[in-house]
Every structure is written in structure tokens, then in C-alpha cells.
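Asker: I'd like to ask some things about the structure below.
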Amino acid sequence: MMNVKDRIDELAAQLKQYNYEYYTQDNPSVTDQEYDALMNELIQLETLYPDLKRADSPTMRIGDTVLDAFDKVTHDIPMMSLSNAFNKEDLRDFDKRIKKAVGEQQYTAEVKIDGLAGALHYNNGTFELAATRGNGTVGEDVTHNVKTIRSIPLTIDYQEPLEVRGEIFMSKRSFEQANKRRTEAGNAPFMNPRNAASGSIRQLDSKIAAKRQLDMFIYSVMEPERHGLTSHYEALQFAKELGFHINPLTERFNTIEEVITFVEDMTEKRDTLSYDIDGIVIKVDDISRYDEIGVTAKSPKWAIAFKFPAEEVLTQ
């Protein structure tokens, strides 16, 4: 007969796998009812045997932490903003500057999620800290809320210290559900998914964040060379293999004209996506050229954000 600890470990492993299938791969292998039954069994066992609760237990996703205030976190590497492009000529000018600095380069292009930037820190394979961008130098410790995001692994099969950064967001579906609950409770609805995500991640009570069903796409691995990575695209695949949620629309291109075609395609498709995007981020793929290309006081010169034109809305 299986003892309690073994059953807790088995349930944790099963739920971790089902979380990954549902939230990261978008390919669940069990029904919601089966998942809920396993989760409820785990909650009951952890309640009866609290000393056997694992540090990476899937029940951490439910949210049970209430803070008095947020601690400040100083980023080891500043979280810089990106310079903007507003038309094709801006992108071609960016390409000319890159060619002048380091010659012909490949580019990685990814959709720009309309959310809020966050940094995740892992040590010995365990998720330890999540921080907001803040002013780029100092952010806020929001670990208690980020633990409730089910697409973020609480443990990874990688023992070296690792920092990844990405965009925390709320899907259109989660946004609609959150606003439905708010209006039913007599509260004003959120203005848009970005504000909803930002407000959710800065709640002192993690149960509130858990109910909002946030998500996160990882868009960079910090100090990639330290992990044997030589290209931005490869860095994203490395993060994906570790279990992080990477945007599937990310592509690598040989020329800026191919990037422009991708931008035009995404401009047409943006409204069909299940989350809001407000542009396309383009980065030189070869990480080894970044130091040579350089940075400005605020932005890296090896990346640029194409901003979509504002959508026109008719009012009466």
C-alpha cells in the first residue's frame, strides 16, 4: 500500500504534468473534472499532513499568501525599454544601422504582448523570486502572486542560477470572466486586459491574483552566454525545453524585408489572437554581436519595437 508521502509526490508529479500540458502546450490530456479531483485530494492530504507539503506543490497556484507591503528588488541587469518604430522605413533604418555596425544579420521577431514585464529567478532548479520591472532598476517582489500563474514552472531541470524575463498578461477570455465577476459584485469593470493584469499582479492577497488566471510569455534569458547560448532564437528554445511558455508566433528571419512581411501579417491577424498585442519586437539574433552594437542610455541598439497604429473606435 502506498504511503501518504508517496501519494503526495505522485499527485504533485501528475498535476505538474497536467498543468504543463494545459497552460504551456495548450494540449490537455485529462478533463477539468479529473484535474480538480486530483487537486482536491492533494489539498486534503496536505491539510492532514502539513509537514509533508512540498515546496513546489501545485497547490501553491491557489494563492494563500497575504502581504502587508511589497519588498523592493534591485535588478542585477537593468530592465531597459525598447526604442520604437512606427512604419516600414523606421525598420529599414534600424536594419541600416545594424549593417553599418556589424554587417548583415538574422533577426528574431516576436509579437509584443500588451501586459507588464516581469523577471523570474531560479536557483538549484527552484523558482525563488519574481519582480516587476518598476523603474527599470528597482522593481517590486511579486513572487506570491506570480506563483499562482500556472504556465510558470515552480521547478525546472536546470541547477545553474537562471533569470528569465517576459510579459505577464491576461487573455481576452480571462478578462471577460474577471469583468463578469466584478459587475456581478457591483464593482466597476476593468478598462482593458493590460490594466487588469497589472492590478492583479500587485494585489497583496495572492488569492485574488489566482482567480484572475494570468499567463506569462518568456521573451529573454539573461546572461545567455553563461548558459552556452549564442542566439536569441536558441535562447527561447532553451527556455521552452525547460518548461517555460514561449510565444508560438516567434520566428527567425534572414532579412528586414522578411520581417516587414511578418509585421504586415501580424497586423492583419492581431484581432484574431486570444490575447492583446500592440506591436512586434525585432532583435538581432546573434547574441555575440550585442556588445559591439551597444546600447543608449535607455535602450539596446540591437532591438526595436514596431508599434501598431492605434485602432480607431467609433463612438456615438
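Asker: What residue, among those in the stretch 278-289 that are open to solvent by less than 40 Å² (accessible area, probe 1.4 Å) and outside any loop (DSSP other than H, G, I, E, B), is farthest from L236 (Cα to Cα)?
Answerer: Among those that are open to solvent by less than 40 Å² (accessible area, probe 1.4 Å) and outside any loop (DSSP other than H, G, I, E, B), it is D278.
Asker: Is it the case, given these coordinates, that T137 is over 20 Å from D26 (Cβ atoms), buried (at least 21 other Cβ atoms within 10 Å of the Cβ) and over 14 Å from the mean Cα position of the chain (by Cα)?
Answerer: Against the criterion (over 20 Å from D26 (Cβ atoms), buried (at least 21 other Cβ atoms within 10 Å of the Cβ) and over 14 Å from the mean Cα position of the chain (by Cα)), T137 does not qualify.
Asker: While we're on this one: In the list L67, L116, L154, L52, which residue meets the criterion of being out of contact with any Cys (no Cβ under 6 Å at 6 or more places or on another chain), aliphatic (A, V, I, L, M) and farther than 25 Å from S200 by Cβ?
Answerer: Residue meeting the stated conditions: L52.
Asker: Return the residues of the stretch 80-105 that are exposed (fewer than 15 other Cβ atoms within 10 Å of the Cβ) and within 22 Å of T230 (Cα to Cα); say none if nothing qualifies.
Answerer: If the condition is that a residue be exposed (fewer than 15 other Cβ atoms within 10 Å of the Cβ) and within 22 Å of T230 (Cα to Cα), then R97, K99, K100, G103, E104 are the ones that fit.
Asker: Search the stretch 1-51 for residues being open to solvent by 80 Å² or more (accessible area, probe 1.4 Å) and among the aliphatic types (A, V, I, L, M), and hand back the single one that is farthest from the chain's Cα centre (by Cα).
Answerer: Per the stated criteria, the residue is M1.
Asker: Another question, if that's okay. Keeping to the stretch 299-316, report how many residues are modelled with pLDDT under 85 and of a type outside the set (V, I, T).
Answerer: Of the residues in that region, 6 qualify.
Asker: Please state which of the following conditions Q159 fails to meet, knowing it meets all the rest: (1) in contact with a Pro (Cβ under 7 Å, 6 or more places away or on another chain); (2) under 20 Å from P224 (Cβ atoms).
Answerer: Exception for Q159: condition (1).
Asker: Write out, first by first residue and then by second, each pair whose Cβ atoms fall under 8 Å of each other, whose residues are 6+ apart or on separate chains, and whose first residue, in the stretch 38-55, is within 16 Å of A13 (Cα to Cα) while the second is open to solvent by 90 Å² or more (accessible area, probe 1.4 Å) and assigned to a helix (DSSP H, G or I).
Answerer: Once the first residue is within 16 Å of A13 (Cα to Cα) and sits in the stretch 38-55, its partners that are open to solvent by 90 Å² or more (accessible area, probe 1.4 Å) and assigned to a helix (DSSP H, G or I) give L52/K5.
Asker: Evaluate the stretch 254-262: report whether one residue or more is part of a strand (DSSP E or B) and open to solvent by less than 20 Å² (accessible area, probe 1.4 Å). Reasoning before the result, please.
Answerer: The initial filter retains those residues of the stretch 254-262 that are part of a strand (DSSP E or B), namely none.
No; the residues of the stretch 254-262 include none that is part of a strand (DSSP E or B) and open to solvent by less than 20 Å² (accessible area, probe 1.4 Å).
Asker: If a residue counts only when it is of a type in the set (A, V, I, L, M) and more than 30 Å from A13 (Cβ to Cβ), which helices (runs of 4 or more DSSP H) contained entirely in the stretch 67-184 have at least 1 such residues?
Answerer: Ranges flagged: 88-102, 172-184.
Asker: Still on this structure: So S206 passes all but one of these: (1) of a type in the set (G, A, S); (2) at pLDDT 95 or above; (3) in contact with a His (Cβ under 8 Å, 6 or more places away or on another chain). Which condition number does it fail?
Answerer: With (1) of a type in the set (G, A, S); (2) at pLDDT 95 or above; (3) in contact with a His (Cβ under 8 Å, 6 or more places away or on another chain) applied to S206, the lone miss is (2).
Asker: Still on this structure, please answer the following. With the structure loaded, tell me whether Y233 is at pLDDT 95 or above, out of contact with any Pro (no Cβ under 9 Å at 6 or more places or on another chain), within 20 Å of M79 (Cβ to Cβ) and of a type outside the set (A, V, I, L, M) or whether it fails that test.
Answerer: In short, no.
Asker: Next up: Looking at Y275, is it under 16 Å from the mean Cα position of the chain (by Cα) and either among the hydroxyl-bearing types (S, T, Y) or open to solvent by 60 Å² or more (accessible area, probe 1.4 Å) (or both)?
Answerer: Considered against the rule, which asks whether it is under 16 Å from the mean Cα position of the chain (by Cα) and either among the hydroxyl-bearing types (S, T, Y) or open to solvent by 60 Å² or more (accessible area, probe 1.4 Å) (or both), Y275 comes out as yes.
Asker: Let me ask something else. From T74, T108, grab the single residue that is on the phi < 0 side of the Ramachandran plot and surrounded by 20 or more Cβ atoms within 10 Å (Cβ to Cβ).
Answerer: T108
The values are calculated or read from the model by the stated rules, or taken from the named source; none is laboratory data. Keep in mind it's a predicted model, so treat the numbers as computed, not measured. Ideal geometry is used to build each Cβ from the backbone, glycine not excepted, and the neighbour counts take in all protein chains shown. All accessible areas refer to the heavy atoms of the entire protein, side chains included, with ligands and DNA or RNA removed. Shrake-Rupley method; radii C 1.70, N 1.55, O 1.52, S 1.80 Å.
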